[in-house]
Structures are given as C-alpha cells and as structure tokens.
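Inspection log for the structure reproduced underneath, given as structure tokens.
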Amino acid sequence: MATWHACNICYGFDIERALERIERCNGVRRALRLLQVQVIEKSARNGCPGCDLMRRAIAHFAVPSTVYVHIIFAVGMPMRIEGENIDLEIFVGTGEFSPGPCIGCAPCLSQVLTVENVAYLAQNWLRRCMNEHKTCLKYTHPPRWSRLPRRVLDVGSLDGAGELCLVENRNQFGHYIALSYCWGQDHNFTTTTKNLVDRLAQIDLRDLPKTFQDAVAVTRQMGIRYLWIDALCILQDDKEDWEREAADMKNVYGNAILTLSITCSSGVNQGFLGPRTKSLESPVQTSNSEQREEAYVFAWTSPEGQQISISVRCRLSHSAIISDIGDQATHPLLTRGWTFQERLLATRTLHFLREDLIWECKCRYWCECGGVNTDQMWESDMQGSTYNRVMIEPEKANLTAVWQSLVTNYSKRLLTHESDRLPALSGVAHRFGSLDMGLYMAGLWRKNLLWDLAWQTDHTAAQKPLREQSEQSIINTGLKEVTESSWNASQPPWRSPSWSWISTPLPVRWKTDNTRALDTGESMAQILNAECKLVGSDPMGRVASGKLLLRARVASFFPTSLENDHFVVSKRAVFHVDDSIKLIPDFPISQPGITIGQTLYAVQLFSYTKDTECHWMALAVLPVHLEEPTAPAENYDSESSSQILETEEQSEERSEPEARSWLLLGLTAVVKLGNLFGVPHKAVGYFADAKITSNHPPKYLPPSHGFTAEYHETFRRVGFLEGQHLRNYQPSDWFHGVASREISII
C-alpha cells in the first residue's frame, strides 16, 4: 500500500487514512473530487506519484486539460474518473498488488466470449443466488416441484449423447432454461402442426440458427437437460395452441431456473458466443487504434520502487439493465414488446451485452466486469427493478402508479403485430391480478379505473429514433414503427375500446401529477359500468370491444390552433384569460382525426389542487357516427371574439329569421343585456341548463355550453385535456355549473 505523503487530490489512493490526517474525519470510505485535468497534471509535475498515475491514465484517452472531471474514490473498488465525454475506471487485475485501497481489483474481459466462460460465471452466480437469496427461492422450487412447460427442447448431455429433439410434457418435472431473443428479419426455425412429428423425433443442431445453437451449447455446458424456445415450443400455425401458451408465459419464464437474455442481438442468426463487438454507447475516443473495450495497461513505479501493473478502460455502461430510466435504444432486445414481460417474469436472467454479462435476480445484480457494484453504490435510481421490489413487498407500493409506469415503458417498445399489445403483457397482468387490483379491463384496472383512464399519448417518445431495423412487414418511419394495418390514407384508425391505451399505436404516459391527484384529488366522474368482450380464453388477453358508462360533467369545445404535438384550445375568446388548454390527440399529429374548429366534447374525470391552482383532467370524445370532422368557420380567427357570436351589425344586415328555441345545457357564462366581452348583442340570456329563445343561434357556441341529452349517446375517445385555473376563480373553469349526465364511450 502507498506510504508517500498523500496530496489532497489523489489522497494516496487511501481515502480513510488521508482524510483522518487532513480533515480529522474517521471512517470515510468514499469521496468525490471535482477539478480540471490540468490540476492533476500540475500536481504530477510537482512530483506526486499518485497524480502522475492518474495523468498517464487520462492522457491515453486524449482528454483536454481544461475539462472538469469527478474523481470518485471508494474503498475496495476501481477508481472512477468521470466528466464530459469521459468515464474511466482505473484498477488492478484480480489478485494483483494495488497502490491503495481506492484502486480496487477488477477482471480484464476476454475479447472472445466462449461457452466455457459463460457457463463458469452463470454457475457461480446461480449457486450464490440459490444459497444466499431466500426471496429468489420463493419463485423457483426443487426439481420435484418445477413442472416443465408443455413442450421443451431436450438438449442431451454435454458430451452430445442423446438426440436433440422436442419433448411434449406429460406431467414431467425438472430444471430448464428459457431463451429471450429477437427474431429479426431472418427466417426463423419454427415448429408447426406439419413438422411437429419430425421435431419430436430429432432436430439436427446444424439446422438451427446461431442463437439457438449457442443457447443449446450453454445449456449443455451448465449440465441442464431442457431448454425452452418460443419458436420451437409453440406451434406457430395453430391459433389455439398459440393463445394457450401465450397466456402461460408467467409460468414459462417464472419457473425457469435461468433465462438467457440475448440483449445485444437484433436477429436470430447473429448468436451471442464468439468475438465481442464494440459497443454503440462509447463516449470516449482513444488516442490509438485499440478498441474501446480493451483495457490500457501500463507499468507504474511506486515511491518504494515497486513495479505495479495498472489497467484503465472506459467504464462499461449498465444503466439500460439496472436502471428504470436507462437508455435502452442501443440494445435491440430492449426495444421489442414481447421481451418486456419475459424479463419481468423471469426469476433469474443472464443478460448478454456486447461487452459484458450481467446477472439479474430478484435480489441482486452482478456483472462480469464488476462495475455494477459501483453503479449501485452511487446511483440512487440503480437499485434494482421496481417491478421486483413491488412483487416482493406489494403492500408498500402504490400499485396503480407502478402499473402506469410499466405500461409507459412497455408502450415505447415495438411489436410486429399491434394486436399483440395485450397478449405480450398478459403474464405481468396475471401477476398484478393477484394483488387485489380488481378486474382487468383492456390494459387498465377496475379498482382505480378512473385514474387509469387519464393516459395521454407521448408524441416526444414516438419521435425518438430506435437503432433497430424494422421487420419487412412494418413501415419504418425512423421513429416508433406502426404496422401497415394501423393506417389508412384519410382517417386514423381507432380500436375499441378507445378509452384504453391499446387503441393507439403511439407510446403513452401518465403525468407524474397523477400520483398527487390519486392521493389528494377529487373524482369528478362516476363509473356506472365497464365491460370488455374477450377474443380468447385469457382474461388478460385480446379484447374484441369494450364499453364504458360514466356519469360526468360534459362540455363542448373546439380546438383553435395547432402547435407542435398538440392542439390549443384558447379560452381568451370566451373568458379573456391569458392561458390556454392543451388537447393531446390520441393519434400522430399528421393524422389526428381532429380539425381546427371542430366541435368536440370534454368529459371531466377528476380535479386536484396544486399550490394556488386548481387542475382538472378530461377525455376529449367524438360521436361515433360523425366520422367526418366538422368544417371550420369561414375566415376563422382564434384571437377575435367577434367570430364566436354574431355582432349587432351582422345581425342587422341579415333578414330576420323566425324566432326559434335552442336548448343549451350546462352553460357556464351568465351574460346580461348589452355588450358581451365588448361585442354588442341585442338581447342574450345564457343560464345553466336553461332554455333560451333568440332570433339568432350562436355561430359557434362558447366552450362549456354542454350538449343536449338527446343529441348523441355513444362516443369514442380522441384525445386528452388538462386545464387549470386560480382558486376561487371558477369562471375560467369549463365545468363550473355544468350538470352531470350519463355518457357511453366505446
């Protein structure tokens, strides 16, 4: 260990000893310093051997002297130097002498991943998990209790004895490994009703795609007899078999002793064993031709004259796996819809990244490079899967908020068939169904259905590019991919139930304020009835239709302009209030199914207070039989209140029509004789739920006028609205004075 006089930059790589001497602090085991690289270089020139070690490590990566970096010290772990476009770790090889406690040991990763390396690590981690993690043992059982799936692949023994073949389960028990992977564009090797007999007899290993071959090799090397692969173990041309097996994913992945997750591969023919490729996430360019993942090793002489081999490399990123907010776009498997639940349902998963292996179970993360321990020590959002924590202690979680978070992440993923949106989440839904969430309603839960209805499309997430090439059956827009069946040229499609997030091909989200609303808000609607018609036998699977009957306050409105990814519903024309209300359409803004000036209806769901403001949220709905949008007024100007109601001069120029009655329900404004916001009117009297006699009906009714009970009975959702107003300033509340009524949404 270091014995030189430590400076206050490197601390002699012994943070405990240095701070006890310099700062009179005891027991400090980690610390953080922020400074420019040139400060380290100056200290090195002044003779500090520790700073000279850091200087040499940084110089290899051509980091400018003016860059600010964090030096992260932690006892027993590699030293980390992190800054703009740089994230390095300095370490010594496993079992080698270290210059100090804060330059810990770490393995140098092999540039070729062999089946022996994988099996060695996987068996060690599996042994530790089964011996140390009581929670994980609750999810898997001894062989006599683990029922095999309906079909599994019998891989034989390590020496190749026994034929590789498919086995149909006849109440058999044992350990098996499950595979999670991307099919990709290439033709897959599948089992159908036509070749099932042949698959049961024998399968030639050479006929399998590379990913399947590698999975068989790992399974054999680990001494496990059975392997489950969806393409082989589900009859791909049998609808009944497919639906039955899709509904059983919670058991298939939950009962597997281990799931191999081929996170790095975008196609079934790429495999995962062999030479490792450079990551797409590299923030650093080295000063030589060495690849990023190869550690730079140099000899450093300690003040005592001892030669020590020091290794430095760009730190490998684990955030996509161990953090709920990590960037997943660089990992092909994490962009696919079906693999979302495969990971959540698995008890133990071995992730194959381009440069590293990561172990994930219900209790811990481990990795090949050892860096995951540092991640979890410093990053508060990298403490494991939220889903795993919730499943272990559901009584401590806000289950509605957790479900909404899961759907938010899931909806960003891609599916070859949009009709799979519910089946691909069925296993997770079954798990949540055991947590007293009520009936499952097309992706929403009956227990808090009103709050679940407040989803909105996330147009920003839809525009985020994904780095995976799409299948040929999908339109590749460079954004979130939408199947051809999802579109037609004139009108965006909608699926019943329109009130569920499955009705849109776009990603969805719930605002973070929903948690506040759920805890402190007031329900402004009552669910009288909710029903869904299933397609198959799985209660968490596909639905043919759905119907929702609400009692709520309903107000009509019209969008006045379009801005970026939303419509603006201006209140200035009616109330002279300087804020505006956003209408987030449920479909891409290029085909929203909504036009400016079109009459829509707002169904208020709930309201809540935040600081000095009152907020409300509502669904934007449209009558189902009015598929063609209402044409906007000629020469319509959203800033001119004179276009809302006819002026006295305009009415005088027209011939006087016969006086007739107009039934207007739920009007919020009370207007006296004379001027209406500066617009002269002859005689207008607007009262809530009042019948008004006038010579001239309004050209455009103001927002919040409601609608007649006999006008429309069935609606579909087309968007989401949120508004706010100052407390005690109800005239700017759309729904003030509007009576509740029944409304049906399909």
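The values are calculated or read from the model by the stated rules, or taken from the named source; none is laboratory data. Just so you know, these numbers come straight off a predicted model, no measurement behind them. No Cβ is skipped: glycine too gets one built from the backbone with ideal geometry, and neighbour counts run over all protein chains shown. Surface accessibility is based on the protein's heavy atoms, side chains included, excluding ligands, DNA and RNA. Shrake-Rupley method; radii C 1.70, N 1.55, O 1.52, S 1.80 Å.
By the scheme Lys and Arg +1, Asp and Glu -1, what is the net charge of all other residues having a beta-carbon under 14 Å from that of K547?
Its environment carries a net charge of +2.
Which of rounded, prolate, oblate describes the stretch 16-107, given a ≥ b ≥ c as roots of the alpha-carbon gyration tensor eigenvalues and a/c under 1.5 marking rounded, otherwise prolate only if a/b is larger than b/c? Let's see the in-between values first.
Working: a/c = 1.62, a/b = 1.22, b/c = 1.32.
Here the stretch 16-107 falls in the oblate category.
Structure shown: which of K396/K447; K239/K362; K239/K412; K447/K533; K250/K412 lie over 23 Å apart, alpha-carbon to alpha-carbon?
Values: K396/K447 17 Å; K239/K362 33 Å; K239/K412 27 Å; K447/K533 19 Å; K250/K412 21 Å.
Distance filter (> 23 Å) returns K239/K362; K239/K412.
Between S561 and S523, take the C-beta separation as r, use R0 = 30 Å, and let me know the FRET efficiency to the nearest 0.05. Walk me through the intermediate numbers first.
Values: r = 31 Å, r/R0 = 1.04.
Using R0 = 30 Å, I get an efficiency of 0.45.
R0 = 51 Å: FRET efficiency of C165 with K447, Cβ-based, nearest 0.05? List each step's numbers first, then the result.
Numbers: r = 46 Å, r/R0 = 0.90.
After rounding, the FRET efficiency stands at 0.65.
What is the magnitude of the charge dipole of the stretch 15-106 about its Cα centre, with +1 placed on the Cβ of each Lys and Arg, -1 on the Cβ of each Asp and Glu, and no other charges, expressed in debye to the nearest 20?
Values: 11 positive and 10 negative charges, 60 e Å.
Magnitude of the dipole: close to 280 debye.
Can you tell me the length gained on complete extension of the stretch D207 to K239, counting 0.36 nm per residue apart and subtracting the Cα distance? Intermediate results must be reported in sequence, preceding the final value.
On the way: separation 32, 0.36 × 32 = 11.52 nm, distance 2.54 nm.
The D207-K239 span can extend by a further 9.0 nm.
For the stretch 68-151, which chymotrypsin sites (Phe, Trp or Tyr not before Pro) pass both filters: DSSP loop (anything but H, G, I, E, B) and at most 14 other C-beta atoms within 10 Å?
Answer by residue number: F97.
With every protein chain left in place and a probe of 1.4 Å, what is the accessible surface of S266, to the nearest 10 Å²?
Answer for S266: close to 40 Å² accessible.
Between I392 and E742, what FRET efficiency comes out of the Förster formula 1/(1 + (r/R0)^6) with R0 = 41 Å and r the beta carbon distance, rounded to 0.05?
After rounding, the FRET efficiency stands at 0.45.
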